[in-house]
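This report refers to the structure that appears directly beneath it.
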Amino acid sequence: DRILLFHIKDFRVEPDGALKQVPVGQGILDFDRILTRIYEHNKDAVLVFEGTTGEALPESIRFIKEKIKSLA
């Protein structure tokens, strides 16, 4: 009940099997499942984007807002 902030990031698997961090929403993480679990715990949780900067940030924010909207 005390967790208020979550760091979120995304990744993909490269052809050689290496993991590569990518902007939120551009990888393979199951954000439907992750956000459902977060918001079951705390609907006022703060999400901090890791590895998402610059030009990718607006699209990642839109992606997460749409996911959260679908939880309502």
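The values are calculated or read from the model by the stated rules, or taken from the named source; none is laboratory data. Quick caveat: nothing in here was measured; it's all calculated off a predicted structure. We place every Cβ from the backbone using ideal geometry, glycine too, and count neighbours over all the protein chains shown. Surface accessibility is based on the protein's heavy atoms, side chains included, excluding ligands, DNA and RNA. Shrake-Rupley method; radii C 1.70, N 1.55, O 1.52, S 1.80 Å.
Net charge near Ile28, counting Lys/Arg +1 and Asp/Glu -1 over other residues with Cβ under 15 Å of its Cβ?
Working: positive: Lys9, Arg12, Lys20, Arg33, Lys67; negative: Asp10, Glu14, Asp30, Asp32.
Summing Lys and Arg as +1 and Asp and Glu as -1 gives +1.
With θ taken as phi - 60° and the coefficients 6.51, -1.76 and 1.60, list the Karplus ³J(HN,Hα) couplings across segment 39-50 in order, rounded to whole Hz; mark glycine and proline as x.
For segment 39-50, the Karplus-derived couplings read 6, 5, 7, 7, 5, 9, 4, 9, 10, 10, 7, 10 Hz, x marking Gly and Pro.
Provide the per residue accessible area, probe 1.4 Å, for the chain, rounded to a whole number of square angstrom. Each step should come with its number before you reach the end.
Numbers: 5320 Å² over 72 residues.
Per-residue accessible area for the chain comes out at 74 Å².
Debye sum, Cα scatterers, the chain, no solvent: what log₁₀ I/I(0) at q = 0.15, 0.18 1/Å?
So the normalised log intensities are -0.51, -0.71.
How high is the relative contact order of the chain? Use alpha-carbon pairs under 8 Å, at least six apart in sequence, and give a whole percent. Walk me through the numbers before you get to the answer.
Values: 87 pairs, mean separation 26.5, N = 72.
Reported relative contact order: 37 percent.
Considering only protein heavy atoms and a 1.4 Å probe, what is the carbon-and-sulfur percentage of the accessible area of segment 5-72?
Of the solvent-accessible surface of segment 5-72, carbon and sulfur hold 54 percent.
Which of the GluC sites (Glu not before Pro) found in the chain are loop residues per DSSP with 14 or fewer other Cβ atoms within 10 Å of their Cβ?
Glu50, Glu55
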